[in-house]
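**Student:** Here you go, one structure.
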Amino acid sequence: MKLINLLRAKSGDQENFLLRDHILETLRRAKQLKIFINMNDESITYKNLKDSEFFKALAKALILHDLGKINYEFQMRVHDTNSKEWKVLREFLKPLRNINVRHEILSAIWGSVLLDNSEWNAKIRTAILLHHYNEYFVNEKDIMEIVQSYCERIVTYLKFLTERWGEIKEFLEDILNAINEEFFHDDFIKSAVNEIRNNINGRVMELLEKIENHEDDLSEFAEFYKINNEEPEYGFLLFLGCLRRCDYSASGSVAVERIIDLKSIYTDLKKNIRNRVKSDLLWQEEILKYIDPLKSMVLVAPTGAGKTEFALLWAEKNKRKLIYTLPLRVALNDLFLRFRETDYAYFKKEFVDILHSTAFIEYLEDGGAFRSLDIEKQLTASRLLSSPILLTTPDQVFLTSLNYYGSDKVLSVYPLSSIVVDEVQTYDVDMASIIVKTLEIIRDLGGTVLVMTATLPPYFEPFLGDLGFNFRELEYIKEKVKNYNIKRHKIKVVNKFLTKYESNNVVVEESEEFIVWLNNFKDKNTFIVVNNVSKAIEIYNWLRNKWLKGKGYDEENIEHKLYLLHSRLIEKEKSRRIKDIKKQLEKGKRVIVVATQIIEASVDLDFDAMITEISTIDSQIQRWGRVYRNRSQDYDEEYPNIVIFVGEYEDCKIKIDRGTTRIYDKRVIEKTIEVLKEFEGDVLNYEDERKMINEVFNRSINVENSKITKLVGNTVTLKDLYIAEIKQNLEFLKYFTVEKKSQAQELFRRIAGIQVVIPEIMKHFGDALERKFAEIIEDPVSGKKTWDEIINELKDILPKNIDEINAKWYLKKSLYEYSINIPIFYWENGKLSDLRVHEFKGFQVLKLSKEQAEKVYLYGIDKIFKMEEDVNII
């Protein structure tokens, strides 16, 4: 029995389990990628992707990347040890029984003996070494390092190859012949085969002799690529990312890229936009007439003006994949429906995907929330990265400058993509610094970026200018832009708190001013916006149980009048509430919505009035954007329609509560209050509100940070202070090496989250299918079941019109809908993880009682588990 029919790349219950088949599958993905790039040649400009040497090197890496699986320990894991195939292979591999070395490290040795020295071959060896996580991600990547770390085992392995070279060579020849037979029209693959074939003799023995003779010139025998962390060659990381994307998509049996002319995904876009906005005249088209489609740009436009539509028309002009980022998951859900589910959907359903979990993030952490990447996560990441249009959160695509493991795979789509950064004002200084650094990487890789906001923080401007962004102002066509000239907001500043803290618990401050404004707005659709989830829950309960009941409302009327919205509700319930709110508004009903900052960005709701806590000026203006949003006339009522509770005086100074200062920069809050009072009573239009932002950041403050004072002095404007802080962070990121992995993890924890799912909620609130699915999810054994096995268990209650492929995504949708996104630092630092029973398909499964589940469904996870509000997670 020949080795080519025995050696496996994975277990026999997966497709294409033979090593030969997996190598052929990865090469098919490389061919797909090349065809995709050639098909979209006009819009993809990065020179490396047009270089035949790049794809020849990729083919060589794919042929060699799994040869280290020719090892006793690995083959035993993937074979049925009772099979006759294993008995034959066991005898052949017996000399390697004590070799326990990760397969990619052995594959790098294969790359050393089957490739001679050249710059590309050094990159290939290093990419093979890093295509799974191991210690060489943070250590020196060198053949001497490998030999010194595993000397005895490497020598044993090389002796085995030498002694069995006849059978090994036959296997290699069989592999190369199979590749040539399938890819005889693909020159880059044939060239790769020829180069490997030319080195098939001689170098194994040579390397073995050098090691046994203790020679110190092994690096000259097989060089590895030296990664310069201070000035990294992103072209190498692109190469590594392409290798891993081909590998993962082959393992998951999905395309690395869909073979499609990207112009076709935008075919009906303009027509669909015109149908939706009910106008043939689009101001967005007028702007786009005069821009270079492949030059990154900044668009500053009013809330509700049509920035999303501008982004789509900009992407159409670029003719690339579109990655659209938004910081708010609920806003992404709203966009997802607009893009593909409504009567006037902008795109065909098959072109659009959504991602707001940590599927792209692969760095490993011993004993922490993450586990090693399994085939399910490989499939998810690969499938989503291949999407022509992907909606996602920034933590999925803008952390590549942190050099976390897995970032190269994300980085590899930059040259193929138009990337939208929507609502850029939501990011603090640390995240702003990371985004600026990542924008530099995207620029260097030939990617194109559109930054959009209604409230561009002034400190962002110089960095975007240095990166070559083109700033587009709308003043010269302002008459055509919705909400540009209309006077929408009249503000009132109240020197009171909405809530206060008593023994670490939030209680509602039932001040006379609060009651007065609730009564003033009793006939209006009103938002009440606070700065953290705990406050929102307490105000909602107070309104529900005291204020509204005191006015004679029964439970049913309260349910349709009062709503709670924040980020840590079950996703399905969050979406249901937003839909219900819109429905009530369409019916002309009056509603009150208590919310956190979740409503600040891209949630298309139009309310009459707002009562809000103080926040930074850009946050305030974003909140106001949900008030008087779709009106044709100036606001002309006597009462203000925005009432801002800023805090109480103490020692002649406004005291800002701790729940607010934990989220927002106190320095900016103080200047925001000053400026708000100067504009109090005026009816404000868009230009007035932009002026307020500039006023705040041009105010002077005293600086206490000694490192910053060396750069800017003791007294400086807020704008200059933020610029200095970002520069300081960028200097840190410039020398941010993979050795500083713990710092990358710490930064990542502040930004990213994990998904938790609660089966008890599915059982209590779901339909028959969801209840049965919940039983599977909560079973600890279920995490090991394949989707096919799960679908088979549910086949009798699955919708009759769903085939097996769609059934999997139908169930995944249900899994997501009953999940909550939890910031990683909450998970790790608190006791919430104690409720975890196991992991199911990348979701952490929580065990709750029925009573707890009901509370979470109504109020969110904070109702049963108190979380401190340390950063602006909304």
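**Student:** Among the residues of segment 192-204, is there at least one that is surrounded by 13 or more Cβ atoms within 10 Å (Cβ to Cβ), of a type in the set (D, E, K, R) and in contact (Cβ under 8 Å) with a residue 40 or more places away in the chain?
**Tutor:** Within segment 192-204, one or more residues are surrounded by 13 or more Cβ atoms within 10 Å (Cβ to Cβ), of a type in the set (D, E, K, R) and in contact (Cβ under 8 Å) with a residue 40 or more places away in the chain.
**Student:** Can I ask one more? So if I check each of 289, 307, 317, which one is open to solvent by 40 Å² or more (accessible area, probe 1.4 Å) and either closer than 21 Å to residue 485 by Cβ or at pLDDT 90 or above (or both)?
**Tutor:** Selected residue: 317, the only one of 289, 307, 317 that is open to solvent by 40 Å² or more (accessible area, probe 1.4 Å) and either closer than 21 Å to residue 485 by Cβ or at pLDDT 90 or above (or both).
**Student:** Being open to solvent by 10 Å² or more (accessible area, probe 1.4 Å) and not in a strand (DSSP E or B) is the filter; apply it to segment 491-510 and report the residue that is nearest to residue 862 (Cα to Cα).
**Tutor:** 504
**Student:** Inspect all residues belonging to segment 451-462 and state whether any of them is in a strand (DSSP E or B) and among the aliphatic types (A, V, I, L, M).
**Tutor:** yes
**Student:** Based on this model, can you work out whether residue 240 counts as under 38 Å from the mean Cα position of the chain (by Cα), part of a helix (DSSP H, G or I) and of a type in the set (A, V, I, L, M, F, W, C)?
**Tutor:** Yes.
**Student:** Take the residues in segment 117-139 that are at pLDDT 90 or above and open to solvent by 50 Å² or more (accessible area, probe 1.4 Å), then tell me which one is nearest to residue 194 (Cα to Cα).
**Tutor:** Only one residue fits best here, namely 120.
**Student:** If you go through segment 29-57 one residue at a time, how many are crowded, with 17+ Cβ neighbours inside 10 Å and part of a helix (DSSP H, G or I)?
**Tutor:** Of the residues in that region, 14 qualify.
**Student:** Now for a separate question. Go over the candidates 218, 243, 207, 238 one by one and state the one that is within 24 Å of residue 132 (Cβ to Cβ), at pLDDT below 85 and either open to solvent by less than 10 Å² (accessible area, probe 1.4 Å) or among the acidic types (Asp, Glu) (or both).
**Tutor:** Step by step, each of 218, 243, 207, 238 is checked, and only 218 is within 24 Å of residue 132 (Cβ to Cβ), at pLDDT below 85 and either open to solvent by less than 10 Å² (accessible area, probe 1.4 Å) or among the acidic types (Asp, Glu) (or both).
**Student:** Another question about this same structure. Name every residue in segment 628-667 that is of a type in the set (D, E, K, R), within 23 Å of residue 303 (Cα to Cα) and surrounded by 12 or more Cβ atoms within 10 Å (Cβ to Cβ), in order of residue number.
**Tutor:** 629, 631, 634
**Student:** Pick from segment 811-865 the residues that are over 24 Å from the mean Cα position of the chain (by Cα) and at pLDDT below 80: which of them is most open to solvent (accessible area, probe 1.4 Å)?
**Tutor:** Per the stated criteria, the residue is 831.
**Student:** Any chance segment 61-68 includes a residue that's open to solvent by 10 Å² or more (accessible area, probe 1.4 Å) and either modelled with pLDDT of 95 or more or of a type in the set (D, E, K, R) (or both)?
**Tutor:** no
**Student:** Could you tell me whether residue 602 is at pLDDT below 90, open to solvent by 10 Å² or more (accessible area, probe 1.4 Å), in contact with a helix residue (DSSP H, G or I) (Cβ under 9 Å, 6 or more places away or on another chain) and part of a loop (DSSP other than H, G, I, E, B)?
**Tutor:** For residue 602, the condition - at pLDDT below 90, open to solvent by 10 Å² or more (accessible area, probe 1.4 Å), in contact with a helix residue (DSSP H, G or I) (Cβ under 9 Å, 6 or more places away or on another chain) and part of a loop (DSSP other than H, G, I, E, B) - is met.
**Student:** Among the numbered conditions (1) out of contact with any Gly (no Cβ under 8 Å at 6 or more places or on another chain); (2) surrounded by fewer than 20 Cβ atoms within 10 Å (Cβ to Cβ); (3) among the aliphatic types (A, V, I, L, M); (4) modelled with pLDDT under 90, tell me where residue 585 comes up short.
**Tutor:** (4)
**Student:** Looking only at residues that are polar (S, T, N, Q) and not in a helix (DSSP H, G or I) in segment 632-669, which one is farthest from the chain's Cα centre (by Cα)?
**Tutor:** It comes out as 633.
**Student:** Ok, one more. Tell me which residues, restricted to segment 243-271, are in a loop (DSSP other than H, G, I, E, B), of a type in the set (D, E, K, R) and within 30 Å of residue 21 (Cα to Cα).
**Tutor:** 257, 258, 261 - these are the residues of segment 243-271 that are in a loop (DSSP other than H, G, I, E, B), of a type in the set (D, E, K, R) and within 30 Å of residue 21 (Cα to Cα).
**Student:** Take residues that are modelled with pLDDT of 80 or more and tell me which of the helices (runs of 4 or more DSSP H) falling wholly in segment 709-767 contain 2 or more.
**Tutor:** Where helices (runs of 4 or more DSSP H) fall fully within segment 709-767 and carry at least 2 residues being modelled with pLDDT of 80 or more, they are 718-734, 759-765.
**Student:** Look through 476, 427 and report the one residue that is open to solvent by 10 Å² or more (accessible area, probe 1.4 Å) and within 15 Å of the chain's Cα centre (by Cα).
**Tutor:** After ruling out the rest, the residue left standing is 427.
The values are calculated or read from the model by the stated rules, or taken from the named source; none is laboratory data. Here the structure is a predicted model, which means the values were calculated and not measured. Note that each Cβ is placed from the backbone with ideal geometry, even for glycine, and that neighbours are counted across all protein chains shown. Side chains included, ligands, DNA and RNA excluded: accessible areas come from the protein's heavy atoms. Shrake-Rupley method; radii C 1.70, N 1.55, O 1.52, S 1.80 Å.
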